[in-house]
């Protein structure tokens, strides 16, 4: 499945007589050149010396930061945004149900015959690991915590910017003693840089690496503490070398959920 915005456009939910100029911070918009594939909130407006406006955008449902000329944007009215959010939420619920179903089926397959009857009687499917998740975006943390709850995963979410994560991760690990550490945020290759093996050419990769190293001081075992780290276009290799079990992004790709 795709994320549904393009389908909304085809059905007339997005498009028609919708404002395309005089956009302001807080407006919800979609990009014409990308076939209205993602909904964004305008978070900033930059005006150059020629009075040309470039809008800084943040995905409303998908984790992405972008910029766009105002001429490429279509404003989406609130009632249409609400319609899209309902469709998006249904898709998330469907995915969560499938994950829970698969988890249950995998657990039963792993049981011996002698344990199977006991497990069915006790309704016990094992305890997922406890998660500590750090990210600088409070809205994103809230979304993640809701999904963790749906998946019956014990989780603690903390709003911590990428550059602050190395300073606090050790303290938070000692405080919450998680099984899984997740370090996320935003990252990118700095514009105009083409040396992908120089960590200084990445916006936030160095902070993820420092955080991983601090976490491994707390727990060196990659089995006792599983670490997920990185963001769009992060320097994947150095995070794995630093001690992450899983990292993004192997091909410097944008990590965007497609459902």
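Candidates 134, 145: the one that is modelled with pLDDT of 95 or more and either surrounded by 14 or more Cβ atoms within 10 Å (Cβ to Cβ) or outside any helix (DSSP H, G or I) (or both) is 134. Listed conditions (1) surrounded by 12 or more Cβ atoms within 10 Å (Cβ to Cβ); (2) at pLDDT 90 or above are all met by residue 71, apart from (1). May I ask you to verify whether residue 194 is in contact with a strand residue (DSSP E or B) (Cβ under 7 Å, 6 or more places away or on another chain), part of a loop (DSSP other than H, G, I, E, B) and at negative phi? So residue 194 fails the test.
Output the residues belonging to region 151-169 that are in a helix (DSSP H, G or I) and exposed (fewer than 15 other Cβ atoms within 10 Å of the Cβ). Selection gives 167 alone. When restricted to residues that are at pLDDT 95 or above, in a loop (DSSP other than H, G, I, E, B) and surrounded by fewer than 17 Cβ atoms within 10 Å (Cβ to Cβ), region 227-254 contains 1.
Note on region 22-37: among residues that are in contact with a helix residue (DSSP H, G or I) (Cβ under 8 Å, 6 or more places away or on another chain) and free of Cβ contacts under 8 Å to residues at least 40 places away in the same chain, the one that is surrounded by the fewest Cβ atoms within 10 Å (Cβ to Cβ) is 33.
Does residue 236 qualify as being closer than 27 Å to residue 88 by Cα, out of contact with any helix residue (DSSP H, G or I) (no Cβ under 8 Å at 6 or more places or on another chain) and without any contact (Cβ under 8 Å) to a residue 60 or more places away in the chain? When the stated conditions are applied, residue 236 does not pass them.
Okay, residues lined up against (1) modelled with pLDDT under 90; (2) within 18 Å of the chain's Cα centre (by Cα):
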residue: 11; (1), (2): yes, no
residue: 14; (1), (2): yes, no
residue: 22; (1), (2): yes, no
residue: 40; (1), (2): no, yes
residue: 45; (1), (2): no, no
residue: 53; (1), (2): no, no
residue: 57; (1), (2): no, yes
residue: 76; (1), (2): no, no
residue: 84; (1), (2): yes, no
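The values are calculated or read from the model by the stated rules, or taken from the named source; none is laboratory data. Note that the coordinates shown come from a computational prediction; the quantities given were computed from them, not determined experimentally. Note: ideal-geometry Cβ built from the backbone for every residue, glycine included; neighbour counts use all protein chains shown.
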